[in-house]
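These notes concern the structure reproduced below.
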Amino acid sequence: METLIARTLDDLPTIALKILEEMTDDRIFALKGKMGAGKTTLIKAFCDVLEVNDVVTSPTFALINEYQTDNTNRVYHFDFYRIKKLEEVFDIGYEEYFYSGEYCFIEWPEMIWELLPESFVYVNVEVGKNEERIVQFGRRKSLD
């Protein structure tokens with residue numbers, strides 16, 4: 001796992017770019033962190049780097065938001081905080097998204113860990129002592 005530090009929120013686009021450059025072959029990003037740690041803000045930074053045209057917001061109630069990029073690609077943003085059972089994830093057809101070849105950014109992946117593809121990029125976001133964001137990332141085969 002590699003560790004990057006965002007001293008301010010303005011550092012997040014640089015961190016997002018670095019992660020995307022290092023994980024060029026990956027499309028599934030599982031972001032773990034406590035409520036308020038900055039997962040959605042980091043996903044907004046990923047979307048900025050990927051040139052998403054849409055306003056990026058957390059899909060807490062919809063489970064998924066779909067965004068368009070300048071080059072007509074799609075980016076999928078999941079938030080599984082509120083799911084109560086895996087059937088809800090099956091109902092949205094998660095496999096079509098996860099195996100689409102498009103970028104998928106997943107908040108609260110621990111709620112669906114058994115449904116994640118065999119390999120994905122694990123991103124852990126924590127708040128440090130001085131409110132900086134500590135972002136650890138690496139390729140994983142499970143959340144354990």
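Report, by residue number, each residue of the stretch 101-144 that is polar (S, T, N, Q), within 19 Å of residue 81 (Cα to Cα) and in a strand (DSSP E or B). Even if it seems obvious, please write down each step before you answer.
In the first step, residues of the stretch 101-144 are kept if they are polar (S, T, N, Q); the result is 119, 124, 130, 136, 142.
Filter once more, keeping what is within 19 Å of residue 81 (Cα to Cα): 124, 142.
The answer is 124, and nothing else.
Of the residues that make up the stretch 79-93, is at least one crowded, with 21+ Cβ neighbours inside 10 Å, in contact with a strand residue (DSSP E or B) (Cβ under 8 Å, 6 or more places away or on another chain) and free of Cβ contacts under 8 Å to residues at least 40 places away in the same chain?
Yes, that holds for at least one residue.
When you go through 20, 63 one by one, which is the residue that is more than 23 Å from residue 134 (Cβ to Cβ), surrounded by 13 or more Cβ atoms within 10 Å (Cβ to Cβ), touching a Phe, Trp or Tyr at 6+ places or on another chain (Cβ under 8 Å) and aliphatic (A, V, I, L, M)?
Values: 20 fails: more than 23 Å from residue 134 (Cβ to Cβ).
That would be 63, the only listed residue that is more than 23 Å from residue 134 (Cβ to Cβ), surrounded by 13 or more Cβ atoms within 10 Å (Cβ to Cβ), touching a Phe, Trp or Tyr at 6+ places or on another chain (Cβ under 8 Å) and aliphatic (A, V, I, L, M).
So residue 75 passes all but one of these: (1) closer than 16 Å to residue 124 by Cβ; (2) of a type in the set (Val, Ile, Thr); (3) crowded, with 22+ Cβ neighbours inside 10 Å. Which condition number does it fail?
Single failed check for residue 75: (1).
Among (1) touching a residue at least 12 places away in the same chain (Cβ under 8 Å); (2) under 23 Å from residue 36 (Cβ atoms); (3) among the charged types (D, E, K, R), there is one condition residue 129 misses while meeting the rest; what is its number?
Of everything listed in (1) touching a residue at least 12 places away in the same chain (Cβ under 8 Å); (2) under 23 Å from residue 36 (Cβ atoms); (3) among the charged types (D, E, K, R), residue 129 misses just condition (1).
Go through the stretch 102-113 and count every residue that is of a type in the set (D, E, K, R) and exposed (fewer than 15 other Cβ atoms within 10 Å of the Cβ).
Residues flagged as of a type in the set (D, E, K, R) and exposed (fewer than 15 other Cβ atoms within 10 Å of the Cβ) within the stretch 102-113 amount to 1.
Scanning for something of a type outside the set (Gly, Ala, Ser), at pLDDT 95 or above and surrounded by fewer than 19 Cβ atoms within 10 Å (Cβ to Cβ), does the stretch 114-122 turn up at least one residue?
Checking the stretch 114-122: not a single residue is of a type outside the set (Gly, Ala, Ser), at pLDDT 95 or above and surrounded by fewer than 19 Cβ atoms within 10 Å (Cβ to Cβ).
Residues to consider are 25, 54; find the one that is under 18 Å from residue 2 (Cα atoms), part of a loop (DSSP other than H, G, I, E, B), without any contact (Cβ under 8 Å) to a residue 24 or more places away in the chain and among the acidic types (Asp, Glu).
Numbers: 54 fails: under 18 Å from residue 2 (Cα atoms).
It is 25.
Would you mind stating whether residue 12 is of a type in the set (A, V, I, L, M), in contact (Cβ under 8 Å) with a residue 60 or more places away in the chain, part of a helix (DSSP H, G or I) and under 19 Å from residue 136 (Cβ atoms)? Steps first, answer last, please.
Values: of a type in the set (A, V, I, L, M): yes; in contact (Cβ under 8 Å) with a residue 60 or more places away in the chain: yes; part of a helix (DSSP H, G or I): yes; under 19 Å from residue 136 (Cβ atoms): yes.
So residue 12 fits the description; yes.
The values are calculated or read from the model by the stated rules, or taken from the named source; none is laboratory data. Being a predicted model, the structure only gives us computed values, none of them experimental. As a convention, Cβ positions derive from the backbone with ideal geometry for all residues, glycine included, and neighbour counts pool all protein chains shown.
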